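Reviewing the structure listed below.
The values are calculated or read from the model by the stated rules, or taken from the named source; none is laboratory data. All figures in this text were calculated on a predicted structure; none of them were measured in a lab. Cβ coordinates were reconstructed from backbone atoms using ideal geometry, including for glycine residues, and neighbour counts include every protein chain displayed. Calculation scope for accessible area: heavy atoms of the full protein, side chains included, ligands and nucleic acids excluded. Shrake-Rupley method; radii C 1.70, N 1.55, O 1.52, S 1.80 Å.
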Amino acid sequence: MTAGLIPRRRFLQTAFGVSGLAFLGSRPLRAASRQTSVRDFELRLEPSTAPLLGAQDPKVNVWAFNGLVPGPEIRVRQGERVRIVAINNLDRETTVHWHGLRVPNAQDGVPYLTQKPIAPGARHVYEFDCLDAGTFWYHPHLGSPEQVGRGLYGAFIVDEANPPRVDRDLTWVLDDWRVTKSGQLSDDFANRHDMTHGGQLGNIVTLNGTEPSPLQLRRGERLRIRLINAANARIFALSFRGHDPRIIAYDGQPVQPHAPVGGRVVLAPAMRVDVMLDATADSSQSYTLRDTYYRRESYEFLDIEYDKAPLRRDPLPDSITLAANPLTEPNLAKAELHEIRFEGGAMGRLHQARLDGRMLDLRELVRAGKAWAVNGVAANGHVHDPILTLRRGNTYRLTLVNDTAWPHPIHLHGHSFRVTKRNGTETELREWQDTVLIAPRESAEIVFVADNPGDWMFHCHILEHQDGGMMAVIRVA
Ligand code: C2O
Ligand code: CU
C-alpha cells in the first residue's frame, strides 16, 4: 500500500531549540530537548487504472493518487510534522484537503478560500503538525463529485504514542462506483437526479479499491479495523454476524468503547469508525459482514472465515480504550447558541433561496445546478460571506436542523465537535466527530470551542449535495 511513498525522515536541529536551551540552564524543557522531525511525502494526482471489479476483470480507468486506489496510506506518529508535495498531473485544477485533521487554515486545501487551486502540471506543498492520533483521510476539494468519484482519496493514519495491543491493524477504505456495461465509470457526475436526491449511488462496492475478499480470522485474535467511507453518497450500515465488535473511535476521535447501536456500524460519507473485533465465534462456521443501510438493497459485503489453527484460547485482556486527543473541552455554561437550517432537495419544502445574491425559486435554482440551501443561501463555489463569525476561544452550540427528506452528513473543517443532542435529547456518549449524520427532519446539536482561526467550510459530505449548494463558511476570528 505504501509503494511510491517516500517517507524520508528529516531531523531538524533548529536554532531556536538550541538557543532556548541556553536560557534554561540545567533544566531543559521537554519541547526544546526533543528533536523536531518532518516527514516528507509526495502525492501525485494522475489518471490511472484500478482493479475495481476484481483481479480477474479488466481494470477500470480512474484518477488516483500515485496511481493507486485508494492512494498511498500516509502514516505518521502523533505530534509529527508532515510536508506533503501534491503534484497535479490531471488536466484540470485541484487541491488536497486533509479531512478531519485540525490543520492551520492555509493548509486546509479549499480552493480560493484557503489557497489558489493547483493548476495542471503545477505542485503545491502542504505542511502541518498532526495534533490528533486517529483515522483520517485526504481528498481533493475541487470538482469533488468527479474528482473524488473517480478515485482520488487515501487514508491518513496518525498512530497513538501507546496504541492498544492488537494482532492486526487494518485500514478499510469503502467506496462505491457506477460502472456502465462497457466496464468503465459512468461519467454523469453530479447529474441533476443525483444532485436533487440522495447523491451518486454506485452499482459496485469496493474495499480498498477492489472487490472485497473474505476476512480470514484466527480464533482469539484481536483486530482493529479502521473503516473510512470514501463514497460520494453511499451510507453503509455494517453488521458483523456472530461477532461482538466495539466502537473505539469516531472520525479519529476516541470514544468510550461501546457496541454499535442496533448491532450496525453506520458510516455516512467521510465518516470513520475504528472498530475492535475479537475473533471469538465458533471457528467451525463462517459468517458474513452485511450492509443493510438501504432497506431494499441489503447485501453481503464480505465473508468472515476462520482458520483452523486458533491463535489463543481467550481474547486479549488488554484495555481497548484510547487516550483522548488534545481537544479543548467546551465550556457549556458560557456557550453561545445558534441554529443552522438545511433545506431543499426533492420532496422538500424549499421554495426559494439566495444564489449569488439573487433570490431564486426552486425551479430557477435547479436550472442553475443547485437544489439545497444553508440558512436560505445556496452556495456557488467555495468563497462566501460567513453564515457565522465565531470568537476565537469561545464555546458554541450549533443546532443543525435537517428540514429535508434526505439524510445529510454535515462536516465542519478545522475542528472536531461533540455531538451533544439529537432531536433535543442528550446523547449518551457526547462523541467527538467532524462529520455528523442527520436523518431526515432530525436535528443535532454540536458543541465545540472555536480555537482554530480562519474561514472554514461547513457542508454536506454527500458530494452532489455539496456541489448543489449545501455548503457554507464559518469564520473564526
Ligand atoms: Cu472531506 Cu470539505 O471535506
Ligand atoms: Cu446532503
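Here is how the numbers come out for the structure above:
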{"item": "Sequence of E464, E46 when ordered by accessible area, the most exposed leading, probe 1.4 angstrom", "result": "E46, E464"}
{"item": "Within region 232-270: backbone nitrogen closer than 16 Å to the T280 label point (7 Å, Cα to C-beta)", "result": "240-248, 257-260, 263"}
{"item": "Set of aspartates and glutamates with alpha-carbon distance to K181 below 15 Å, sequence-local pairs under 8 removed", "result": "D57"}
{"item": "5 Å binning of all Cα-Cα separations within region 332-476, expressed as whole percents from 0 upward", "result": "2, 11, 21, 23, 20, 13, 7, 3, 0, 0"}
{"item": "Computed lengthening from D57 to E426, 0.36 nm per intervening residue step minus Cα-Cα distance", "result": "127.9 nm"}
{"item": "Stokes-Einstein D (µm²/s) once Rh is taken as the Kirkwood radius of region 169-306 over alpha-carbon pairs, at 25 °C in 0.890 mPa s", "result": "155 µm²/s"}
{"item": "Computed label-point distance, nm, for sites T328 and R81 using a 7 Å Cα→Cβ extension", "result": "2.2 nm"}
{"item": "Full-extension gain in nm, T389 to R92, via 0.36 nm per residue minus C-alpha separation", "result": "103.7 nm"}
{"item": "Under 18 Å from the Cα of K421 - aspartates and glutamates, other chains or at least 8 residues apart", "result": "D251, E329, E336, E339, D403, E431, D434, E442, E445"}
{"item": "Two-decimal log10 I(q)/I(0) for region 231-376, as the Debye equation yields it once each C-alpha is a single scatterer, q = 0.12, 0.15 Å⁻¹", "result": "-0.79, -0.98"}
{"item": "Square roots of 5 times each gyration tensor eigenvalue, C-alpha, the chain, largest first, Å", "result": "32, 30, 25"}
{"item": "Modelled label reach - R312, point 7 Å along Cα→Cβ, region 190-232 residues with backbone N closer than 19 Å", "result": "217-225"}
{"item": "Which of R367, R341, R234, R150 is most accessible, then next, and so on - probe 1.4 Å", "result": "R367, R341, R150, R234"}
{"item": "Relative contact order, percent, the chain [alpha-carbon distance under 8 Å, six or more residues apart]", "result": "13 percent"}
{"item": "222 nm mean residue ellipticity, helices alone, for the chain (DSSP H n ≥ 4; -39,500 (n - 2.57); rounded to 500)", "result": "-1500 deg cm²/dmol"}
{"item": "Computed accessible area, M276, all protein chains, 1.4 angstrom probe, square angstrom", "result": "10 Å²"}
{"item": "Within the chain: Cβ-based charge dipole about Cα centre, in debye rounded to nearest 20 (Lys, Arg +1; Asp, Glu -1)", "result": "800 debye"}
{"item": "Accessible area (Å², per residue) of the chain, counting only protein heavy atoms and a probe of 1.4 Å", "result": "42 Å²"}
{"item": "Accessible surface, 1.4 Å probe, highest first, among residues V275, V266", "result": "V266, V275"}
{"item": "Of all accessible heavy-atom area on the chain, the percent that carbon and sulfur account for (1.4 Å)", "result": "49 percent"}
{"item": "Dipole axis of region 137-225 (+1 Lys, Arg; -1 Asp, Glu on Cβ), positive-most option in N203, P145, N191", "result": "N203"}
